[in-house]
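Note sheet for the following structure.
The values are calculated or read from the model by the stated rules, or taken from the named source; none is laboratory data. The structure presented is a predicted model; accordingly, all values stated were derived computationally and were not measured. Cβ placement follows ideal geometry from the backbone for every residue including glycine, while neighbour counts extend to all protein chains displayed.
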Amino acid sequence: MKHVLLSVLVVGLLAGQAFGDMYVLDTPMAKTFLQMNIENSFTNQLYLSIDNPGTASSAINFQVDTGFKSYPPPMQLQVGFVGQLNLGETISIGTAENELPSPPTGVSYDTFGAWLANDDDDRWGASLYVKVGSTTYTSPTTEIPAGTAMFFSQPFGTGDLAEDVTEFGFLVDYKGAKNSDNFHISAVPVPAGVLLGFLGLGVAGLGLRKLS
């Protein structure tokens, strides 16, 4: 079922959580995201990162397999990721080249948030992660229903830790019935979709799990 929800309600929902200041993934940062875990061309690999609308004329941010030159419509959000994943495996997509962006004056980030959409017709789960030194903070894996988007968030400690972030991004895992499949996950709402009325809305990652 499609749900229509005004952005005011989204803001109110997020404000109701016990979070400090949150960095929400934006388009320039999403375009830098690459596969962070070990690649395997048969079982676990990011093939393509491409801008909306995902047609052959769209800007390609990353490409490892020239057989993937477009993103099957519809791409709900601004930056699309296509890859291969086996059942039981997880792919890590993020950046280790950038710290969290500098916050506005008087603001200190202690939470990472991101909109992620499942643009595929199969079952895919996702979560966010933030590495601070030797500690990794990971939100619970939540399945994104096909054709919908969800907001994920993950606290990672006090604001003083933001400058010590060494890697952050999102994890994707396959929850379908086949041994493997290609995923189509997009991130960052398009400007015209601020109200998110065309998206199925969900919120994930409200818990905190720390892995040392």
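Descriptive notes on the structure:
- Filtered by the rule that a residue be touching a Leu at 6+ places or on another chain (Cβ under 9 Å) and basic (Lys, Arg), segment 125-150 gives no residues.
- So Pro103, is it in a loop (DSSP other than H, G, I, E, B) and touching a strand residue (DSSP E or B) at 6+ places or on another chain (Cβ under 8 Å): yes
- Of all residues in segment 69-91, those being surrounded by fewer than 19 Cβ atoms within 10 Å (Cβ to Cβ) and either out of contact with any Ser or Thr (no Cβ under 7 Å at 6 or more places or on another chain) or not in a strand (DSSP E or B) (or both) number 9.
- For segment 33-68, a residue qualifies if it is assigned to a loop (DSSP other than H, G, I, E, B) and farther than 25 Å from Asn179 by Cβ, and the qualifying residues are Phe33, Asn52, Pro53, Gly54, Thr55, Ala56, Ser57, Ser58, Ala59.
- Output for segment 108-162, where each listed residue is buried (at least 21 other Cβ atoms within 10 Å of the Cβ) and in contact with a Lys or Arg (Cβ under 8 Å, 6 or more places away or on another chain): Trp124, Tyr137, Ser139
- Close contacts from segment 174-194, counting a first residue that is over 21 Å from Ser70 (Cβ atoms) and a second that is among the charged types (D, E, K, R) and modelled with pLDDT of 90 or more, with Cβ to Cβ under 7 Å and a gap of 6+ residues or different chains, come to Tyr174/Asp181; Lys175/Arg123; Lys175/Glu143; Gly176/Asp122; Gly176/Arg123.
- Matching option when the condition is β-branched (Val, Ile, Thr), farther than 18 Å from Val165 by Cα, surrounded by fewer than 17 Cβ atoms within 10 Å (Cβ to Cβ) and at pLDDT 85 or above, among Thr55, Thr32: Thr55
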